[in-house]
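Enquirer: One structure follows; several queries about it will come next.
The values are calculated or read from the model by the stated rules, or taken from the named source; none is laboratory data. This structure is a prediction, so every number in the text was calculated from the model and none was measured. Here Cβ is always computed from backbone atoms with ideal geometry, including for glycine, and neighbour counts include all displayed protein chains. The area values use the complete protein model at the heavy-atom level, side chains included, leaving out ligands, DNA and RNA. Shrake-Rupley method; radii C 1.70, N 1.55, O 1.52, S 1.80 Å.
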Amino acid sequence: MLSRLRGRTVPVRGRTVPGASGAADDDLPLLRWKLHRWFACLDTDRDGRLTSEDYDLAAARLARAFNHRPGQREHRRLLARYRKLWALHDPGGRGELDRDAFTEQLLAAGRDRARPFRASLNRLCCALVDIADTDGDDQVSEREYRVLLSAAFGLTSERDLTAAYRMLDRDGSGTLEHNEIHAAVLEYFTSNAPDAPGNWLLGPPPAALLD
């Protein structure tokens, strides 16, 4: 399957939307692990719950990391995109989700609300890569990627960040083009295929899930 972004064609390997191919949600261990990983990275106070405030804080950290003050256009854009995604996580307006509820809502969004879910992911990704691409060359360098993941998700392992960057570089150019990151984000939230490069978006998955 191909993803067309910014006028180029990038392969999206093994894309699987939960339930679309007949697979039961319980048969998606890699996808569940990735959603748990996302949850853990955004739950910065480690209280076992995610709220819209956790997403607001991620937007604030990102803006600050790339030298944008609160309330500036870039910060407002990130806030709007994170909040749109949160609304799909929490359609009932509960206000907070524990890890299991979060995971089930994401699986349901990919299965039952696939079009708005993908659109929301794409819009958030646009905001992320635009703020990270500080020199405007339509590429995200390894340094920019490290700042992005460290600020948004608290990732600090040099080994993990290097491995993730290299895996997402599908064409082996040494830099990540915007469409490569878009494809990775989509795979991260929708694919249970072990060979999908997007599995590595937030660092390497457990080896046992890639066999």
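Enquirer: Can you give the three extents of the C-alpha atoms in the chain along their principal axes, from longest to shortest, in whole Å?
Expert: Ordered largest first, the chain gives principal extents of 44, 39, 32 Å.
Enquirer: What dipole magnitude, in Debye to the nearest 20, does the chain give about its Cα centre under +1 on Lys/Arg Cβ and -1 on Asp/Glu Cβ?
Expert: Working: 31 positive and 32 negative charges, 132 e Å.
Computed charge dipole of the chain: roughly 640 debye.
Enquirer: Go through segment 110-157 and name the trypsin sites (Lys or Arg not before Pro) that are in a DSSP coil and have 16 or fewer other Cβ atoms within 10 Å of their Cβ. Working shown, then result.
Expert: Working: sites: Arg111, Arg113, Arg118, Arg123, Arg143, Arg146; in loops: Arg113.
Those satisfying the criteria are Arg113.
Enquirer: Assuming 0.36 nm per residue, please report the length gained on full extension of the stretch Ala208 to Arg113 beyond their Cα-Cα distance. Write out the running numbers ahead of the final one.
Expert: Working: separation 95, 0.36 × 95 = 34.20 nm, distance 3.00 nm.
The span from Ala208 to Arg113 would gain 31.2 nm if fully extended.
Enquirer: Moving on. What accessible area per residue, rounded to a whole number of Å², is obtained for segment 138-194 using a probe radius of 1.4 Å? Write out the running numbers ahead of the final one.
Expert: On the way: 2090 Å² over 57 residues.
On a per-residue basis, segment 138-194 sits at 37 Å².
Enquirer: With label points built 7 Å along Cα→Cβ from the Cα atoms of Asp135 and Asp171, find their separation and express it in nm.
Expert: 1.7
Enquirer: Additional query: Need one word for segment 96-160: rounded, prolate or oblate. Basis is the Cα gyration tensor (sqrt eigenvalues a ≥ b ≥ c); a/c below 1.5 gives rounded, then a/b vs b/c decides.
Expert: Numbers: a/c = 3.25, a/b = 1.57, b/c = 2.07.
Verdict is oblate for segment 96-160.
Enquirer: Quick check: at a probe of 1.4 Å, how many percent of the accessible area of the chain sits on carbon and sulfur atoms?
Expert: Numbers: 4740 of 9810 Å².
It is 48 percent, rounded to a whole number.
Enquirer: With a 1.4 Å probe and all protein chains in place, put His68, His75 in order of accessible area, largest first.
Expert: On the way: His68 45, His75 25 Å².
So, going from the largest accessible area down, we get His68, His75.
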